[in-house]
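The values are calculated or read from the model by the stated rules, or taken from the named source; none is laboratory data. Here the structure is a predicted model, which is why all the values come from computation and not from measurement. As a convention, Cβ positions derive from the backbone with ideal geometry for all residues, glycine included, and neighbour counts pool all protein chains shown. Surface areas here come from the heavy atoms of the whole protein model, side chains and all, with no ligands, DNA or RNA. Shrake-Rupley method; radii C 1.70, N 1.55, O 1.52, S 1.80 Å.
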Amino acid sequence: MRLLAVALLLAASPTAASEFYTLKGHGGPIMGIDAAPDGRVATASFDNSVGLWTDRTPHWYDGHEAAVNAVAIDGEELFSAGDDFTLRRWPGGQVIGRHKGKIVSIAVSASHVATASWDGTIGLWPRFGEGPTRFLGPVGAGVNAVTFARGGEQLYSAGMDGRLLLWDVASGRELQEVLSHGFGINELVLDPSESWLAYGAVDGVTRIRNLATGAERDFTLDRRPILALALSPDGKDLAVGDGEGYIMVIDTDAWRITRDFRAALRGPIWALAFSADGQNIHAGGIDNAVHSWPIASLGEHEPIATGEQRFLKDPETMENGERQFARKCSICHTLTPDSARRAGPSLYGLFDRPAGTLPGYHYSETLAQSEVIWTADTIDALFDEGPDHYIPGSKMPMQRIAKPQDRADLIDYLRRATRQEN
Ligand code: HEC
C-alpha cells in the first residue's frame, strides 16, 4: 500500500524529469536562469523581480529598481543583479555590491561573488562580509561575462572589446590575455575539469578553446548574436542560444552538434540553464514564461512566443495612440486593475490619480513623494521632457516622445483605456 502511494506520488511529481513544462508568473521577459542541485530554479526578469521556483511554484523577491539580468543560486543564498547597477543577496534583498553601470553576469565561488558590468570593471564582493571589495580593471570596454576557475582562485572575463582575460583573484592582477576576438564576447562557460572554455560572440561565433594547447573547435552557424550558453551538470551537453531564437546542443564527448531547433518563434534566447538532473533545458526569451524542454524531445513542444503578446500585435491594425502604448509602454504597464508583475504599476484609473499611490506597487521614494497629479498636462510633460528630467530619480526609464501629435494621441488613448468601470 505504502509503496503504491510512493509510486503514485513519484508519477505525479511535478519535478519528474523529461517532460515539457513552463514556469509562468513573471510580468516581463526572462533574462537569466539558474538551477540548483535540489531542483529549485531561479529566474531574473525584465519585470524587476526575481523568482525562486520550487516544484514550479514561484516565490517572488522584489526590490530591484530596474530589469534583473542575472541570478545565481548557491545553497540557501540567491544572488541577483541588473540594470539598477546593484548586486543583491536573497532572502532579504540586501545590496552587497554596486557598480557604475548595469550588471549583466554573476559568478559565485566559496568566498566571493563576481559581477560583470558595462562600467568596464569586474566586481569582487566577499560573500560573508570578510575582506575588502575589489574591482578588476577597468578593461576599457563593458564586461559581459565572468566565470571562476581553480576553486575560486582565478577568474575568466570577457566583454565588448572581444578580449578574454584571466585574473588572479587574491592579487587582482591580470594574468593573461587568453585571446582577442574581433567582435564582442557575450558568454563564457568553463567545463568542470577546466580543460576547455566555450565562448559565444556578437558575430555569431561559438568556439571551444582547449586551455592547455590553445587549439579551437568552431561551431559557428549563420545566426547571431550568441546570447546564452549553458553546460549540463556532468559537462556532457553544451547548449547555445542565439538572437534568432534557436538553441543548438553540442555533445562535448563526440564534439558534434546533436540538436538544433527553433526554440522561439519570435525574438532571442536570452537565458539558458540545464535542470539539476541534466534532462531538461530551461530557456527564457521574449515570453513571460520559462520553457523547459526534455533534451530527448527538443523541438517537439511548444516554442516560445506562440501566444499573442499585446506589444507584438500587428501595428497596422491599431490607431496611433494604441500603437504608441503597445510599442512604448505595454511591456511595463497593464491597463487592467492588476499590475500583473510588470516592471511598472498598472495605469488603470490613472487620470486624476496622485503619482506613486497605487496600492501594492513598490514605487521609488522620489515618485512616492512627488506632488504630481496625473492629468493630460502632466503626462504630456512627462514624455515631452522625459521622466529623467520631469521626475529626476524616479525608476521610470529615460524615454521621450518627440512628436506632440504622438503624445496627444497616446494621452487620448490612455484616457479611454484606463477609465475605471464603476
Ligand atoms: C521599461 C519599463 C517602462 C516603460 C517602457 C514605461 N514605463 Fe512607465 N513606469 C515604469 C516604472 C518602473 C514606473 C514607476 C516609477 C517609480 O516608482 O519611480 C513607471 C511609472 C509610470 C507612471 C506613474 C504611475 C503612478 O502610479 O504614479 C506613468 C503615468 C507611466 N509610468 C506612464 C508610462 C507610459 C505612458 C509609458 C509609455 C510611453 C511608459 N510609462 C513606459 C516603467 C516603465
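Checked against the criterion of being open to solvent by less than 20 Å² (accessible area, probe 1.4 Å) and more than 12 Å from the ligand (Cβ to nearest atom), the stretch 306-319 contains one or more residues that satisfy it. Scanning the stretch 30-65 for residues that are touching a Pro at 6+ places or on another chain (Cβ under 9 Å), outside any strand (DSSP E or B) and over 21 Å from A107 (Cβ atoms) yields a count of 4. Every listed requirement among (1) under 23 Å from D260 (Cα atoms); (2) without any contact (Cβ under 8 Å) to a residue 12 or more places away in the chain is met by R223 save one, (2). Screening the candidates G120, G162, G140 for the property of being in the same structural domain as N69 (by TED's automatic domain parsing) and modelled with pLDDT under 95 yields one hit, G140. Which residues, taken from the stretch 225-269, are among the polar types (S, T, N, Q) and closer than 21 Å to N144 by Cβ? Answer for the stretch 225-269, where residues must be among the polar types (S, T, N, Q) and closer than 21 Å to N144 by Cβ: there is none.
Among the candidates F135, F85, which residue alone is over 17 Å from the mean Cα position of the chain (by Cα) and open to solvent by 30 Å² or more (accessible area, probe 1.4 Å)? Of the residues listed, the single one that is over 17 Å from the mean Cα position of the chain (by Cα) and open to solvent by 30 Å² or more (accessible area, probe 1.4 Å) is F135. Of the residues examined, Y348 is one that is out of contact with any Gly (no Cβ under 9 Å at 6 or more places or on another chain) and either at pLDDT 95 or above or not assigned by TED's automatic domain parsing to the domain that holds A67 (or both). Screening A355, A376, A368, A402 for residues that are in contact with a Phe, Trp or Tyr (Cβ under 7 Å, 6 or more places away or on another chain) and among the small types (G, A, S) leaves exactly one candidate, A355.
Picking from residues in the stretch 34-47 that are open to solvent by less than 20 Å² (accessible area, probe 1.4 Å) and in contact (Cβ under 8 Å) with a residue 60 or more places away in the chain, the one that is farthest from the ligand (Cβ to nearest atom) is A36.
Output the residues belonging to the stretch 363-375 that are touching a Pro at 6+ places or on another chain (Cβ under 9 Å) and part of a loop (DSSP other than H, G, I, E, B). Selection gives Y363, S370, E371, V372, W374.
Selection of strands (runs of 3 or more DSSP E) fully inside the stretch 221-268 by the criterion of at least 3 residues being open to solvent by less than 60 Å² (accessible area, probe 1.4 Å) and touching a Ser or Thr at 6+ places or on another chain (Cβ under 9 Å) returns 226-231, 237-242, 246-251.
The set of residues from the stretch 333-355 being charged (D, E, K, R), more than 8 Å from the ligand (Cβ to nearest atom) and free of Cβ contacts under 8 Å to residues at least 60 places away in the same chain comprises D338, D352.
So is I281 surrounded by 15 or more Cβ atoms within 10 Å (Cβ to Cβ), over 20 Å from N48 (Cα atoms) and modelled with pLDDT under 90 or not?
no
In the set (1) within 18 Å of the chain's Cα centre (by Cα); (2) buried (at least 19 other Cβ atoms within 10 Å of the Cβ), G93 fails one condition alone, (2).
Residues in the stretch 54-70 that are open to solvent by 70 Å² or more (accessible area, probe 1.4 Å) and within 16 Å of the ligand (Cβ to nearest atom): 2 in all. Would you check if there is a residue in the stretch 85-98 being among the polar types (S, T, N, Q) and touching a helix residue (DSSP H, G or I) at 6+ places or on another chain (Cβ under 8 Å)? For the stretch 85-98, residues among the polar types (S, T, N, Q) and touching a helix residue (DSSP H, G or I) at 6+ places or on another chain (Cβ under 8 Å): absent.
Out of the residues in the stretch 356-411 meeting the condition of being small (G, A, S) and more than 30 Å from the chain's Cα centre (by Cα), tell me which one is nearest to the ligand (Cβ to nearest atom).
Just the residues of the stretch 356-411 that are small (G, A, S), to begin with: 356, 360, 364, 368, 370, 376, 381, 386, 393-394, 402, 408.
Pick out the ones that are also more than 30 Å from the chain's Cα centre (by Cα) and you get 370, 376, 381, 408.
On the way: S370: 8, A376: 11, A381: 11, A408: 13 Å.
Ranking the candidates gives S370 first.
Taking the criterion of being hydrophobic (A, V, I, L, M, F, W, C), farther than 19 Å from N48 by Cβ and either open to solvent by less than 50 Å² (accessible area, probe 1.4 Å) or in contact with a His (Cβ under 6 Å, 6 or more places away or on another chain) (or both), the residues of the stretch 336-378 that qualify are L350, F351, V372, W374, A376.
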